[in-house]
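Before any comments, here is the structure.
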Amino acid sequence: MNNFNPQRICFMFAMHAEAAPLIEKYSLEEVADFFAPLPPKLFKGSHNGKEIFAVLNGQQNGLDLVGCEPATLTTQLVISKINPDLIVNAGTCGAFKANGSEIGDVYLSKAPINFHDRRVGDSGGWYEMGVGFYPCIDATEIAKDLGFKTGHCTTGSSLDMADEDLALIKKNGGELKDMEAAAIAWVASLYNTPLMCVKSVTDLCDGGRATEEEFHENLSLASNNVKDACIKIMDYFLK
Ligand code: ADE
């Protein structure tokens with residue numbers, strides 16, 4: 001990791017609220033219609049000689065396009081049209097009190113990154129195909145240097161959690177529950193594009209609160225923490 005020196009860093013976000021603090025911090029400017037007619041949005045700028053890109057999945061009907069399908073489309077576009085040296089999937093996640101997680105905690109991803117709602121069979125490799133087991137860069141040293149925790153991202157298409165999802169999360173050691181990381185990791189793995197996820201906790205899946213309510217209550221705190229983390233990560237790569 002020490003000699004990994006990305007020059008073109010692309011932060012990928014699902015929600016505008018998650019991206020806004022970083023766009024403001026680096027005065028990133030929107031490149032109008034870069035992905036037209038598709039919904040993703042590109043903001044770009046530079047910092048100490050490094051190119052910084054922030055890409056959002058975009059909106060439809062006034063709502064942010066969260067989830068795996070928009071994330072897959074956006075990642076394909078990002079790699080084919082921008083070809084960054086590093087993708088940082090930045091956003092929020094649910095986590096588990098039982099693992100010691102607290103609201104606002106910031107985590108960097110550990111490999112593997114999995115899906116927890118793709119149940120396509122248990123034999124002939126279908127289980128592995130469904131779950132994914134995708135790579136990401138080893139962020140152990142970065143996390144240690146910057147004071148972040150590390151955890152396994154586990155991705156599904158729902159904010160809530162069915163019993164079957166929890167069973168797969170437990171079976172595969174999932175710690176950070178989100179709706180995009182594995183979709184991004186799949187496309188990044190096809191191109192061998194280095195990926196790191198930085199996630200801040202908005203809700204505790206085993207905390208007894210209604211997820212949607214807790215998520216909205218903590219979205220701005222977690223988004224700010226993600227922004228601070230992204231700045232620290234940029235500074236880390238500027239060293
Ligand atoms: N993003 C933030 N919290 C989440 C959760 N509990 N599940 C999926 N995605 C999330």
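The values are calculated or read from the model by the stated rules, or taken from the named source; none is laboratory data. None of the values given here were measured: they were computed from a predicted structure. When we count neighbours, we look across all protein chains shown, and the Cβ atoms used for this are built from the backbone with ideal geometry, even at glycine. What goes into the accessible areas is simple: the full protein's heavy atoms, side chains included, and nothing from ligands, DNA or RNA. Shrake-Rupley method; radii C 1.70, N 1.55, O 1.52, S 1.80 Å.
Around the Cα centre of the range 1-72, unit charges on the Cβ atoms of Lys, Arg, Asp and Glu (plus for the first two, minus for the last two) sum to a dipole of about 260 debye.
Note on I82 and S46: their simple-model spin labels are 1.7 nm apart, each label 7 Å out from Cα toward Cβ. Over the chain, dividing the summed -39,500 (n - 2.57) contributions of all DSSP H runs of at least 4 residues by the number of residues returns a 222 nm mean residue ellipticity of -11000 deg cm²/dmol.
In this structure E69 has an accessible area near 130 Å², from a 1.4 Å probe over the protein heavy atoms.
Rolling a 1.4 Å probe over the heavy atoms of the protein chains gives the range 8-237 an accessible area of 44 Å² per residue. Note on the range 8-237: antiparallel DSSP beta bridges, both residues inside, total approximately 35 percent of the bridges counted. Take the Cα of N99, step 7 Å toward its Cβ, do the same at S27, and the gap between the two points is 3.9 nm. Simple point charges give the picture: +1 on the Cβ of Lys and Arg, -1 on the Cβ of Asp and Glu, and for the range 8-237 a dipole about the Cα centre of about 600 debye. Considering only alpha-carbon pairs that sit under 8 angstrom and 6 or more positions apart, the relative contact order computed for the chain is 26 percent.
If the elastic network links every pair of Cα atoms under 10 Å, which of N192, N57, N99 fluctuates the most in the Gaussian network model of the chain? Highest fluctuation of the listed residues: N99. Note on the chain: Cα Rg divided by 2.2 N^0.38 Å, N the number of residues, gives 0.94. Taken about its Cα centre, the range 146-186 carries a charge dipole of about 240 debye when Lys and Arg each add +1 at the Cβ and Asp and Glu each add -1 at the Cβ.
May I ask which residue of C205, C68, Y134 lies farthest towards the positive end of the charge dipole of the range 8-237, with charges of +1 (Lys, Arg) and -1 (Asp, Glu) on Cβ and the Cα centre as origin? Comparing the listed Cα positions along the dipole, Y134 ranks first.
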